[in-house]
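One structure is given here, and the rest of the page talks about it.
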Amino acid sequence: MSKGRKRDARMNLAALVLLLGMGLIAYRLVDLQVVKADRFKNIAEEQRYQLTDLNPRRGCILDREGEVLAISKEAYSIYATPYLVEDAQLAAAELSLVLQKPREEVEEKLRSSGGFVYLERKVSPEVAEEIEALDLAGIGLEKESKRYYPQGALAAQVIGFVGTDNVGLSGLELQYDADLAGEAGEAGVELDPMGEPIPGVTEMIASPVDGRDIQLTIDAEIQFKLQEQLAAAVEESGARSGSGLVMDCSTGEILAMAVIPDFDLNLSYLVPAEITRTQPVTDAFEPGSVLKILTAMASLQEQVVAPGSVINVPRSIQIGEYEFTDDHPMPKSDMTFTEIIAYSSNIGTIKTAQALGKEALSAYIEKCGLGELTGIDFPGENPGMVPELENWSLTSLPTIAIGQGISVSPLQLAVLTAAVANGGTRVTPHFLLRKIDADNGFEDYQAPAGERIISENAAASLRYILEEVVRMGTGSRAAMTLYNCAGKTGTAMKPDPAGGYREAYVATFAGLAPSDDPRLVAVITLDEPGTVYGGVAAAPCFSQVMEFSLQHLQVTPSLEKVNTKDKVVAQ
């Protein structure tokens, strides 16, 4: 082949290669700019434009007088973009001093492979300023909020707490999380090539809606007194724990509820889960003699007995293979029904229950709401345990009549006692007083209509009997200086998981005051006190808390003193 032809072939080949290359380039341009244009446009926008949530202000929790119990304060989270950190070792040394964390832990995060890592969540503005002053490459601040509890341990188990993401985890923080949390907003933010937001280039998509404030029925002064006296009772009696509540007998408003040991809500992450339980709501126990209130209520309403009815009380009573006795000697063998309840006679109560019958007793257990939820606005309520009537054995009637073989919560005892106090109506206990919007509009709690379970006459007769419990019976230590009161003691052995009962007790006092014109009920429970009797361990705490509460609410003292402290009968 001649040189000319070889040259032409090479040129043609080069032209063909060039043409093919240009074709590939053109194809690629069409593919990128036409066929896949939308896809790459989206990728670019994702890299340049980012949607971000705008967190609303979490609502406050207030007591009935407007005292702040929970509030959200300004805080900052410290984060790092590891690939932008210039000297991880030096940065870790400086950061660890401010954050008070081990240098190795901080350095490990700074050397991580991800593009984002938190170094510390929700530090104070002062700490954030120190971090900012270090001016470290790759270290940034994110504005957040942190839940703060100004009253520390006040009503800790009731209020509950939130997690690091400000979502309610327990108590009323959980119950009303949807109201408190509000609604998150959304904004679009443009980022520079380094992934940092471009100042002033933000598109508001949806504004956040701040959470509602929740105002509670809790009275901070009464709450403090209840916790103070419970702590003293636990220490004095040597009990494992104590719980109590104070409730308006007509409305079901809970003015105070407490558990000892308590804890500082600001340090909730350090506390074992068992201490955070709100025992008056979440725990049920065999109540013992305090449940004689129910047996007496049913028997009076069904006219099986009257306060003055005389019943013979032998030293023991045989039912099947089981012999029932009284826990302590009775003053005489022929006793009025009032005396039977006042001195807490098991045998007298059992004989009354036998006259009443198991069907009637079971019906009143159901009427009073035992074995079912009270309807309280609180998570994790325990309904207790009541055996079905068809499963009652020969000894079920006598044991249930004196508060064994059945479990109830202290809250259920409060509802039961409230029915005696208010003239026979079952109320719904509740913590919510009102919900308050950001514009100060509000929505008050609407209580459901109470169900009448006994007549006013039966309730009045039972109040008289329970007044005698304090005047001359097992509850004399519940007496107060300015007010007459009424109530019932309970001393119950704790069931053994292996079967039967063990030598450990729950001491209880459930009462109302003033007994001549009732306003409040209170239930005090001590778990495994050294001084086992409810009249000794729990009744004095009731006395102190109730007298303070009534004075705080400016309730007029009793005009005619029946069972006040100046008339206490020595036991």
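The values are calculated or read from the model by the stated rules, or taken from the named source; none is laboratory data. No experiment lies behind these values; they were computed from the predicted model shown. Neighbour counts are summed over all protein chains in view; Cβ atoms, including those assigned to glycine, are modelled from backbone coordinates with ideal geometry.
Residues are listed down the side, and each one gets a yes or a no for (1) part of a strand (DSSP E or B); (2) over 33 Å from the mean Cα position of the chain (by Cα):
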| site | (1), (2) |
| --- | --- |
| 65 | no, no |
| 71 | yes, no |
| 94 | no, yes |
| 115 | no, yes |
| 120 | yes, no |
Problem set entry | Condition check for residue 431: surrounded by 15 or more Cβ atoms within 10 Å (Cβ to Cβ), touching a residue at least 24 places away in the same chain (Cβ under 8 Å), of a type in the set (Phe, Trp, Tyr) and in contact with a Gly (Cβ under 9 Å, 6 or more places away or on another chain) | no
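Scan the stretch 424-452 residue by residue and report those that are assigned to a loop (DSSP other than H, G, I, E, B) and of a type in the set (Val, Ile, Thr).
427, 428 - these are the residues of the stretch 424-452 that are assigned to a loop (DSSP other than H, G, I, E, B) and of a type in the set (Val, Ile, Thr).
Test residue 504 against the criterion of being of a type outside the set (Lys, Arg) and touching a residue at least 60 places away in the same chain (Cβ under 8 Å), and give yes or no. Before the answer, list the steps.
Numbers: of a type outside the set (Lys, Arg): yes; touching a residue at least 60 places away in the same chain (Cβ under 8 Å): no.
When the stated conditions are applied, residue 504 does not pass them.
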Exercise. Mind checking whether some residue in the stretch 453-462 is outside any helix (DSSP H, G or I) and aliphatic (A, V, I, L, M)?
Worked result: yes
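Does residue 471 satisfy the criteria of being under 31 Å from the mean Cα position of the chain (by Cα), surrounded by fewer than 24 Cβ atoms within 10 Å (Cβ to Cβ) and not hydrophobic (A, V, I, L, M, F, W, C)?
Numbers: under 31 Å from the mean Cα position of the chain (by Cα): no; surrounded by fewer than 24 Cβ atoms within 10 Å (Cβ to Cβ): yes; not hydrophobic (A, V, I, L, M, F, W, C): yes.
Judged against the criteria, residue 471 is not a match.
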Exercise. Yes or no: residue 498 more than 26 Å from residue 330 (Cβ to Cβ), among the aliphatic types (A, V, I, L, M), over 26 Å from the mean Cα position of the chain (by Cα) and surrounded by fewer than 18 Cβ atoms within 10 Å (Cβ to Cβ)?
Worked result: yes
Problem set entry | Verdict on residue 423 being without any contact (Cβ under 8 Å) to a residue 24 or more places away in the chain, assigned by TED's automatic domain parsing to the domain that holds residue 293 and not polar (S, T, N, Q) | no
Exercise. Is there a residue in the stretch 118-135 that is of a type outside the set (Val, Ile, Thr), outside the structural domain of residue 226 (by TED's automatic domain parsing), buried (at least 16 other Cβ atoms within 10 Å of the Cβ) and closer than 30 Å to residue 382 by Cβ?
Worked result: no
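Regarding the stretch 512-520, can at least one residue be identified that is of a type in the set (Lys, Arg), surrounded by fewer than 23 Cβ atoms within 10 Å (Cβ to Cβ) and modelled with pLDDT under 95? Show your work before the answer.
From the stretch 512-520, those of a type in the set (Lys, Arg) are 519; that's our starting set.
Among the residues that remain, those that are also surrounded by fewer than 23 Cβ atoms within 10 Å (Cβ to Cβ) are: 519.
Next, from what is left, pick out any that are modelled with pLDDT under 95: none.
Checking the stretch 512-520: not a single residue is of a type in the set (Lys, Arg), surrounded by fewer than 23 Cβ atoms within 10 Å (Cβ to Cβ) and modelled with pLDDT under 95.
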Problem set entry | Among the residues listed as 480, 493, 546, the single one being part of a strand (DSSP E or B) and touching a residue at least 40 places away in the same chain (Cβ under 8 Å) | 493
For this session: Please specify each residue of the stretch 96-110 satisfying the condition of being in a helix (DSSP H, G or I) and on the phi > 0 side of the Ramachandran plot.
Result: none
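Could you grab me the full set of residues in the stretch 58-93 that are small (Gly, Ala, Ser) and surrounded by 18 or more Cβ atoms within 10 Å (Cβ to Cβ)? Spell out the reasoning first.
Of the stretch 58-93, the ones small (Gly, Ala, Ser) are 59, 66, 70, 72, 75, 77, 80, 88, 91-93.
Those that are small (Gly, Ala, Ser) and surrounded by 18 or more Cβ atoms within 10 Å (Cβ to Cβ): 59, 70, 72, 75, 77, 80, 88, 91, 92.
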For this session: Test residue 393 against the stated conditions and say whether it is closer than 30 Å to residue 478 by Cα and assigned by TED's automatic domain parsing to the domain that holds residue 462.
Result: no
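Pick out the one residue from 491, 531, 525 that is in the same structural domain as residue 463 (by TED's automatic domain parsing) and modelled with pLDDT of 95 or more. It would help to see each step written out before you state the result.
On the way: 491 fails: modelled with pLDDT of 95 or more; 531 fails: modelled with pLDDT of 95 or more.
Exactly one of 491, 531, 525 is in the same structural domain as residue 463 (by TED's automatic domain parsing) and modelled with pLDDT of 95 or more, namely 525.
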For this session: Please work out which residue is surrounded by the most Cβ atoms within 10 Å (Cβ to Cβ), limiting yourself to the stretch 242-270 and to residues that are assigned to a helix (DSSP H, G or I) and out of contact with any strand residue (DSSP E or B) (no Cβ under 7 Å at 6 or more places or on another chain).
Result: 265
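Let's see how each residue does on (1) small (Gly, Ala, Ser); (2) surrounded by fewer than 24 Cβ atoms within 10 Å (Cβ to Cβ); (3) not assigned by TED's automatic domain parsing to the domain that holds residue 526:
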{"position": "272", "(1), (2), (3)": "no, yes, yes"}
{"position": "277", "(1), (2), (3)": "no, yes, yes"}
{"position": "290", "(1), (2), (3)": "no, no, no"}
{"position": "293", "(1), (2), (3)": "no, no, no"}
{"position": "298", "(1), (2), (3)": "yes, no, no"}
{"position": "301", "(1), (2), (3)": "no, yes, no"}
Problem set entry | Tabulated pairs, the stretch 75-99, first among the acidic types (Asp, Glu), second surrounded by fewer than 18 Cβ atoms within 10 Å (Cβ to Cβ) and assigned to a loop (DSSP other than H, G, I, E, B), C-beta under 9 angstrom, 6+ apart or interchain | 86/137; 86/138; 87/137
